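In what follows, a structure is listed as C-alpha cells, so that the remarks can point back to it.
The values are calculated or read from the model by the stated rules, or taken from the named source; none is laboratory data. None of these values were measured; they are calculated from a predicted model. Note that each Cβ is placed from the backbone with ideal geometry, even for glycine, and that neighbours are counted across all protein chains shown. Note: areas computed on protein heavy atoms with side chains; ligands, DNA, RNA excluded. Shrake-Rupley method; radii C 1.70, N 1.55, O 1.52, S 1.80 Å.
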Amino acid sequence: MKLLFSQLLRRLRRQDIDPHQRLHKALNDFRHPEADALGLCRRLVAALRPDDGDYVACRERYESMLVTLENDAELLADFRQHMLNFVVQRRALSFFTDSGILPGTGFFSEWWHILGSRLLPEVPDEQRLIDALHLIFHRRDDWEWLEAIPANFSQRFWGLLTLPEMAQDISQRGFVQQVLDAVLLLAHRVSGLGVESELLRASPNPDLDTPRFIALSSEAQAFVDAFRAGLEGQSEAFDDASQLLVIVDQCQDSLKRIRKRALTVGTSLRLSYFLTRCEQSLQRITALAEILTARLRGVPQDERLRRWGAFSRAAFLAENRRLSLRRYWQQLSGVLAVRVTENAAQSGEHYICESRADYRKMWRAAAAAGVIIAGMAFLKIQASTLHAPLLIEAFLFSMIYGLGFVLIYLLDFTVATKQPAMTAQTLAGLLGDLKPTRSAELERIADVAAAVSRSQLAAIGGNVMLALPIALLISFALSYGLDAPVITQDKAAHLLADLDPLSWAVPHAAIAGFYLFLAGLINGYFDNQAAYANIGARVGRLRWLQLLLGKQRAASGGAYVGDHLGGIMGNFLFGCMLGSTGVIGKMLGLPLDIRHIAFSSANVGYALNGYEFQLAWQAIVLALLGVMLIGLTNLAVSFALALRMALRARQIEFTHWGPLLGAVWQRFRAQPRSFFMPPRAPTGSDPA
C-alpha cells in the first residue's frame with residue numbers, strides 16, 4: 001500500500017511539471033560529461049513518452065527535441081558523445097542477431113519462456129545493448145508511440161548523431177566488428193536451418209536448395225574477411241557484398257517456394273517456425289550488409305541515414321514487443337492459418353448451391369440429417385433422465401452429439417449451421433481479389449451471396465422441417481408402444497423454458513456459434529495434418545490392417561481416412577464441445593450451455609408430446625420464435641468469426657463494404673427470388 005501511494009505521489013508530481021520543461025531538463029542533463037549515459041537515455045525517453053496515449057503531443061515533443069539539438073551546437077556535441085559512449089561501450093552482437101528474430105528454442109519452449117518472463121522478469125545485463133534498451137523502453141506499450149513517430153523524424157535524429165567515418169575511430173571500429181560478426185553468425189545460422197530435415201522434406205527441389213544454403217556460409221565468411229582487411233588499411237580489399245546478396249536472394253527464393261508448397265501439401269508449427277526464423281535472419285543479413293557497404297556503393301548520405309533509421313526503428317519496435325504472446329503467435333500463424341482456412345474454403349464450395357440439382361440435393365441431405373438429429377435429441381433427453389454423475393453425463397452427451405455428427409458427415413448429409421463457417425472462407429477468398437470499381441466482380445460477389453443465402457435456407461428448412469415432425473413421430477410412437485409418456489411434463493416445461501427468447505437462449509446460441517467456428521478450424525487443421533503427415537498412406541501400410549483386409553483394401557481404407565480425417569475430427573470434437581458445455585457450467589456454477597437450431601426444433605416436438613399436445617398457441621409461437629433467434633445467432637456468430645479469421649489469415653484489409661453491400665442490395669431488389677430459390681432451368685434443358 002505504501003509503495004502504491006508513493007508511485008501515485010510521484011505521478012502527481014510529474015503531472016505538475018510541464019512536459020516540455022521535463023524534456024528540456026532531460027536534454028540539459030546531457031551537458032554533464034560525467035553523467036551515466038544509460039540514466040540520461042532513460043530520463044530522455046521518459047520525457048518523450050506520451051501521457052494517456054496522446055501521440056500528437058508525443059510527436060510535438062520529439063520534434064521539439066530535434067529542433068533544440070539542431071539549434072544548440074554545444075548541446076548536440078555533448079549529446080552525440082554520450083550516445084556514442086552508450087553504444088560502443090556495450091556488447092551489441094545480440095542486438096543485431098536476435099532483435100526481431102525468433103529465437104532458436106522452438107515454438108513451445110519460447111512460448112513458456114515469454115510467459116515465465118512476464119510473470120518473473122529476467123535480471124538485465126546493462127553491458128548488453130539489447131538489455132539496456134529494455135531498461136530504457138521498459139513499458140510493453142512503448143512500441144505504440146515509437147511507431148507513431150514519423151519516419152522523417154527518425155532520419156533527422158540519426159542525422160544529428162552522424163560522426164566522422166567509423167573506420168577512423170578505434171571505438172567505432174570495434175562496433176563495426178560486431179556488425180561483421182553478426183553477419184557471419186546469421187549466415188551460419190541460416191545455413192544450419194536450411195539443411196534441417198523439416199525444411200528439406202517440404203522443399204520441392206532439395207538438390208537445388210541445399211547447395212544455396214551451404215554456399216551462404218562460405219560467401220559470408222569471404223565478405224567479412226575482405227571487409228576486415230579493408231578496415232585494416234587495405235582499401236582495395238573492401239567487398240561491396242554484391243555476391244553475398246545474390247546468395248541471400250537465392251535462399252529467399254527457396255524459402256518462398258517451400259512456403260508455396262506448404263499451402264498444398266500441409267505445414268506444421270515447427271516448419272512455420274523454421275521458415276520464419278530463416279526469413280528474418282536473411283532479411284537481417286541484407287539490412288546489415290547494405291548498411292556496411294552503403295558508402296562503397298556510392299549511396300547518398302540521406303539514403304544511408306534513412307536505411308539506418310529504418311533498421312534501428314524496426315529493431316527497437318520488435319524488441320519492445322518481444323514478450324508479447326499475441327505478436328509471437330501472429331509471426332508464426334500465417335502459413336498454418338492460410339492452410340487451415342484454405343481447407344475450409346474447399347469444403348465451403350461444397351455447401352453452395354449453384355443449380356437446381358444442387359438445391360434439391362441440399363434439401364435431401366439436410367432432411368436426412370434432420371431425421372438423425374431428432375434421434376440424437378431424443379437420446380440426449382433420455383440420457384439426462386439417468387441423473388448420472390456429472391463427468392459420466394458429460395461423456396454420454398458428448399458421445400451422442402459427437403458420434404451422431406460423425407454419422408451425418410460420413411453419410412454425406414448436411415447440418416445447416418456447419419455452412420456459415422465454411423462458406424465464409426470461400427467468400428474471403430473472393431474478397432481478396434475484389435476490385436470495387438469493376439462491376440463484373442461485384443456482380444460475381446452478389447451471385448455468391450444469393451447462392452449462399454438459398455443454400456443456407458435450404459439446409460435450415462431440411463433440418464427443421466424434418467427434425468420437428470420426426471421428433472413428434474418418435475415420441476408418439478414410443479408413448480403409444482410403451483403406453484406411457486416418454487417425455488414427462490416437467491421435462492417438457494424445461495425444454496420450452498430453454499427456448500424462451502427472454503432467457504439465456506440467445507447467449508447460449510452464441511456459444512454454439514463459436515463452437516461452429518472452432519469446428520471449421522479443427523476440420524481444416526486435421527485436413528492439413530493428414531496431408532502434411534501423409535496419414536492416409538501410413539494407415540494403409542499398417543501390417544495388422546493389411547493382414548485383416550488385404551493390401552489393396554487397406555490402402556483404400558487409408559486413403560479414405562486421409563481424405564476424411566478433418567471432417568471426422570471436426571464433427572466429433574464439435575459434438576464433444578456441445579455435449580460438455582452444460583455440464584461444465586454446472587460444475588463451475590456458471591450459466592453455460594448451448595442452443596442449436598436443429599436440436600431446438602426437435603425439442604419443440606418432444607415438448608408438444610410431453611404436454612400431450614395440450615399447449616397454448618402463444619407458447620408454441622414463443623418457442624418457434626426462440627428457435628428462429630437461436631438459428632440466426634448460430635449463423636451470424638459462426639459466419640462473422642470465420643470471415644474475420646479468413647481475411648486475417650490471408651492478410652486482407654477489406655474496406656469496400658459499402659460498394660459490396662450496395663451490389664448485394666441491388667441484386668436483392670432486382671432478383672429477390674434468387675436469394676430463396678435456385679435459378680430457373682433454361683427452356684428445353686434437363687430440369688435435373
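Since only Met569, Leu75, Leu386 are under comparison, the one whose Cα sits farthest along the positive direction of the charge dipole of the chain, derived from C-beta charges on Lys, Arg, Asp and Glu, is Leu386.
Once the trypsin sites (Lys or Arg not before Pro) in DSSP loops with at most 16 neighbouring Cβ atoms within 10 Å are cut out of the chain, the longest remaining piece is 141-294. Solvent exposure of Met399, expressed as accessible area, is near 50 Å², computed with a probe of 1.4 Å over the protein chains only. Close Lys pairs in the chain (alpha-carbon distance under 28 Å; sequence gap of 8 or more, or different chains): 8.
Magnitude of the charge dipole for the chain, about its Cα centre and with charges confined to Cβ atoms of Lys, Arg (+1) and Asp, Glu (-1), is about 1300 debye.
For the chain, the equivalent ellipsoid built from the Cα gyration tensor has semi-axes of 60, 32, 25 Å, listed from largest to smallest.
Placing pseudo-labels 7 Å out from each Cα toward the beta carbon at Gln489 and Gln618 gives an inter-label distance of 1.9 nm. Taking 0.36 nm per residue of separation and subtracting the Cα-Cα distance, full extension of the segment from Asp207 to Leu542 would add 117.5 nm. The simple spin-label model puts a point 7 Å past each Cα toward its Cβ; for Leu231 and Leu325 those points are separated by 4.2 nm.
Highest mean packing first, where packing is the average number of other Cβ atoms within 10 Å per residue, the peptides 177-186, 567-576 line up as 567-576, 177-186. Modelled label positions at Leu115 and Arg297, each set 7 Å beyond Cα in the direction of Cβ, lie 4.3 nm from each other. Sites listed here are GluC sites (Glu not before Pro) in region 116-151 whose DSSP assignment is loop and whose Cβ has at most 13 other Cβ atoms within 10 Å: Glu122, Glu126.
Computing FRET efficiency as 1/(1 + (r/R0)^6) for Gln243 and Leu269, where r is the C-beta to C-beta distance and R0 is 30 Å, gives about 0.30. In the chain, the DSSP-assigned H stretches of four residues or longer account for a calculated mean residue ellipticity at 222 nm of -25500 deg cm²/dmol, using -39500 (n - 2.57) per stretch and the full residue count as denominator.
Using R0 = 25 Å, the C-beta based FRET efficiency linking Asp141 and Gln21 works out to 0.55. Summarised in one figure, the compactness ratio Rg/Rh of region 103-163, Cα atoms and Kirkwood Rh, is 1.09.
On a per residue basis, the convex hull of the C-alpha atoms belonging to region 469-522 measures out at 112 Å³. Taken along its three principal axes, the alpha carbon spread of region 435-515 comes to 67, 28, 19 Å, from the longest extent down to the shortest. With a length cut of 30 Å (Cα positions projected on each helix's long axis) and a Kyte-Doolittle mean of at least 1.6, go through the chain and give me the DSSP H helices that pass. The answer, listed by residue number, is 617-649. Just to check, using Stokes-Einstein with a Kirkwood Rh over alpha carbon pairs, what's the diffusion coefficient of region 11-162 at 20 °C and 1.002 mPa s in µm²/s? Result for D is 125 µm²/s. Fully extending the segment from Leu549 to Gln382, taken as 0.36 nm per residue of separation minus the present Cα-Cα distance, adds 56.3 nm.
Projecting the Cα positions of His24, Leu647, Tyr401 onto the charge dipole of the chain (unit charges on Cβ atoms of Lys, Arg, Asp and Glu, taken about the Cα centre) puts Tyr401 furthest along the positive direction. Projecting the Cα positions of Phe223, Gly233, Pro204 onto the charge dipole of region 123-244 (unit charges on Cβ atoms of Lys, Arg, Asp and Glu, taken about the Cα centre) puts Pro204 furthest along the positive direction.
Peptides 503-516, 62-75 ranked from most to least packed give 503-516, 62-75, packing being the mean of other C-beta atoms within 10 angstrom over each peptide's residues. For region 578-633, chymotrypsin sites (Phe, Trp or Tyr not before Pro) are listed when DSSP marks them as loop and at most 11 other Cβ atoms sit within 10 Å of their Cβ; the list is Phe613.
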